[in-house]
Every structure is written in C-alpha cells, then in structure tokens.
Amino acid sequence: MAPQQTGSRKRKAPAIEAAAVSSSSQGSEATDGEGPLVPKKQKRPAAQRSLVHYLKGREVGAQSHAGLSRFEGELRGYAVRKLPELLCESELALGTLNKVFASQWLNARQVVCGTKCNTLFVVDVQSVQITRIPLMRDRGAGLARAQPSCGIHAIELNPSRTLLATGGENPNSLAVYQLPTLDPVCLGDRHGHKDWIFAIAWMSDTVAVSGSRDGTVALWRMDPDMFNGSIAWHNDAGLPVYAHIRPRDMETIPRASTNPSNRKVRALAFSGKNQELGAVSLDGYFHLWKVRSTLSRLLSIRLPYCRENVCLTYCDELSLYAVGSQSHVSFLDPRQRQQNIRPLCSREGGTGVRSLSFYQYIITVGTGHGSLLFYDIRAQKFLEERASASPDSSLGPTGSKLKLTCGRGWLNHDDLWVNYFGGMDEFPNALYTHCYNWPEMKLFVAGGPLPSGLHGNYAGLWS
C-alpha cells in the first residue's frame, strides 16, 4: 500500500464566534503540586467539584467513587454541549477523489474513508497523507466490476475495534478487514445481495448485518478461526488470501402498497441493549428486527416524513431512533404508540439531512448544504450561538441557531459543471459523513457536491 502525495493543510478561522472555556483532553494531567495524602483514619473531606480537583485526583490514582463518577458524567455532559461552539476547521486536501460517503476513526490520527469512486483509503489528519487500501475481489472470473456511479457507502467497526466491515470491489459484496493491520479476512460474495450495499451494522464482534438496494438485509457470521492468527495468509504470488462466505440469514423488506418498487434499505442502526436492529427503507418505512441466530421482523412503521430518508442513528440513553429525511429529523421509540418528541425541522435549502450521530443527548446533523447543526434532545431545541467569544463575557445565547459552515473543498471544473451549473465557483458540499473522536475532542467531516453528476470532495478536521 503505497502512500500518495501529501496534500496541503490550511488552518481556517472559526466559522462561528466561540465562547472560550478551559478544557482538557483525555490523558492530560494537572500541573499543580500534589497536596498531602489523607491519613487512613481521617475522615474523607467533602468532594471537590472543580476541574482542577478532578484532574489532581486522577493524577494520584484516586479510586472511582460515586461522587467522582457523578462529577465526571456532569463534566462530560458539559463538554458535549460546549464543544460545538469551540470547533475550528482545518480542511484536508483529498486530491481528485469523488465524494466521501463513509468514514470512521481508526485511532487518534487516522480516519478510514470510502468514496463514490469506489476507493477505500486511510487519511492521517495531521500529515494529510493518504494510503489506499486494496479492495477484495469476488471469486471467479468475469463477474461484474464496480459500477462507476456507486462506490462505498458504509464503513463500520465491530465493538472491540478488531474488525472493519465495508464494501468490496463489487459493491454488492461485504468485505471484512482485520484491525489494526487492515489485512483482508473474508468477503461475503456467495449467495448474498444482488445490488449495492448501502448500510452495515455490527451485532457483536463476529456478527454483522448488511442492508442493500435490492430490498434485503443479510446476517453474516465471521468464524474466529479466520482472524485469530497473527500473520495474514498469502498465495504464491504474495497476494493476500481471504475466505469467501455466505450469509447465515437473509430477509426481505415487506412491500409497501404506496411505493412497492422502492423498498431499498438505506440505513441501519443497532440497539445492543434490546438486541434489535432498526432499518430505514426509501419507500418511507422504519422496520425493526429482533437479532438472534436469525433475523425476525417485529414491526414496520410508516414514517411521518417520507422523502429521502437516507440516514439513521440510535441513542442508548433514551432508547430512541432518529431518522434523517429531506427536511426533518424524526424520533422513534418503537415501544411507544405515541411519539412524545416532536420532529426537528432542518430546512437547509431543501437539500436534506445527509448524516446523523448521537452522543449522550446531543444529535449532530450534517446537511446537504454544507453545514453542521446541533440539537439538544432533552431541551428539544438547537444549540445556539454565544453573544461573545470573550472568555470574560457573561452574555448568554443570541437566539441564533449554532451552525458550522464547512469549507469549499475541491470541485472538478468539467463540461457538466460549465454547461449545467453555469460555472459556479462555489458549490455547497453535502456532508455525507461525520464521526467524532471524543477522547481527543475532534470531529471529522466529509462529503462532496450534492448533484450526482458533479465530481468533487470535501474533508475537514474540526478541533
């Protein structure tokens, strides 16, 4: 895997005014001198509730106590709410790659991405070095190669972060790589999907489910013997050898009478607590499946907003699914007949919600118009901009929605761009994917131009 040419990295001014608060990333230590140790028989003093006392306690190896755990939770919640207004963008140059559809952090420096041009690559967010990962090829000669308009739509890591699942050279196949080496493990190309894979979710360290444009969901089980060895297998030519597997179960999305030909599975999200899998299909339905050794469908619900339902995420704290559509994010609790949380409206030029993620009670929304929004589901309102960026300012929110606007990225100035879009210099990028690295307080965001015929990309590190 030869690294490509390193691109330039440009530091940009903050997209919004940020309220300055002191923060400390995980792994940092307090620099104040340590106080005297408490004698064994002496009564423990009242718990201190400042960041400095918390860091000092961690530095001297304080044990986890209820008060400390509670304060740590409060501190984390405060950081989650405050981080968005402090983020500052550094654009990452990706060359001529076309539209990043999927991404995941591998470690503190590297993000793995998949593109519309069917490229799987790792980018170092510090050096902006790009390393391409070879795609796995279906067994047998003469099989259809990847269609140029498809690409890699999903990348997911298993819970222990030892395996990565994504698409193969044939976008209908499920490819599994071992981490951290990215050696190929197996390819699900036998008796599997007949159309592109749009979504993947891990049920456990060895069980994954894929959702396809052919209207099916497939359950795959990886044999631990395939990846327990520390050395990858290679053939006589030195090429890596991987297993070819078939799904343990396949289920078809039921046909809706309103739109029977458009039951494409667009997104998946798994609830580990309930061992249930949520799926969204483009005919405007949410489906819930019980996951055991097979998939058992529990229910199908007609969504309140049925156009362009392309993303789905799950909140463990609230046992709640969130579905992104053309102009709204809808919230679903499958155990409640009456949905108590009203949908949030995101009218960003009618370009839709393109990516979603939950962390605690904050949902991050990536739009088709190049912006990031942040919604507090407990308060049922968007986070707001601060009135001043001064550290000494006591001014509150302005009432304006906090919105981070992403950079220009790269756009191919081809004939289609000239003839159909009037040679527009600036074109907002759809934010098809974003992922947080919470220990480092960083956010990776990527995408590209929304019109399908335009060729371009955007990637940025917000920190």
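Quick check: pseudo-label points 7 Å beyond the Cα along Cα→Cβ at Ala108 and Thr405, how many nm apart are they?
Each label point lies 7 Å from its Cα, and together they span 3.4 nm.
Quick check: with the 1.4 Å probe, what order do Thr433, Thr162 take by accessible area, largest first?
Thr162, Thr433
If you take the square roots of the eigenvalues of the alpha-carbon gyration tensor of the stretch 334-378 and sort them as a ≥ b ≥ c, do you get rounded (a/c under 1.5), prolate (a/b over b/c) or oblate?
Prolate, since a/c reaches 1.5 and a/b exceeds b/c.
Check which residues have an amide H placed less than 5 Å from Leu106's amide H, if you skip close sequence neighbours.
The list, which skips near neighbours in sequence, is Val111, Val112.
Okay, which of the stretch 185-220 sit inside 19 Å, backbone N to the point 7 Å along the Cα-Cβ direction of Gln275?
201-210, 218-220
Asp376 versus Arg246, label points 7 Å from Cα toward the beta carbon: distance in nm?
So the label points at Asp376 and Arg246 sit 5.4 nm apart.
For Arg302, what accessible surface area do you get with a 1.4 Å probe? Give it in Å², rounded to 10.
Roughly 110 Å² of Arg302 is accessible to a 1.4 Å probe.
So how much accessible area does Glu85 have, in Å² to the nearest 10, using a 1.4 Å probe?
So the heavy atoms of Glu85 present about 10 Å² to solvent.
Using modelled amide H (1.01 Å from N, peptide plane; none on Pro or chain starts), what sits under 5 Å from the amide H of His369, excluding residues fewer than 5 places away?
Leu431
Does the stretch 278-360 come out rounded, prolate or oblate by the C-alpha gyration tensor, with a ≥ b ≥ c the root eigenvalues, rounded set by a/c under 1.5 and, if not, prolate when a/b is larger than b/c and oblate if not?
It comes out prolate by the Cα gyration axes.
Kindly report, to the nearest 10 Å², the accessible surface of Arg190 as traced by a 1.4 Å probe over protein heavy atoms only.
Its heavy atoms expose roughly 90 Å² to the probe.
Could you derive backbone 3J(HN,Hα) for the stretch 414-419 from the dihedral phi with the Karplus parameters 6.51, -1.76 and 1.60 (θ = phi - 60°), listing whole Hz in sequence and x where the residue is Gly or Pro?
3J(HN,Hα) across the stretch 414-419, in whole Hz: 9, 4, 4, 4, 6, 6.
The values are calculated or read from the model by the stated rules, or taken from the named source; none is laboratory data. Please read all numbers here as calculations on a predicted model, not as lab measurements. Here Cβ is always computed from backbone atoms with ideal geometry, including for glycine, and neighbour counts include all displayed protein chains. Keep in mind that these areas ignore ligands, DNA and RNA; they rest on the heavy atoms of the full protein, side chains included. Shrake-Rupley method; radii C 1.70, N 1.55, O 1.52, S 1.80 Å.
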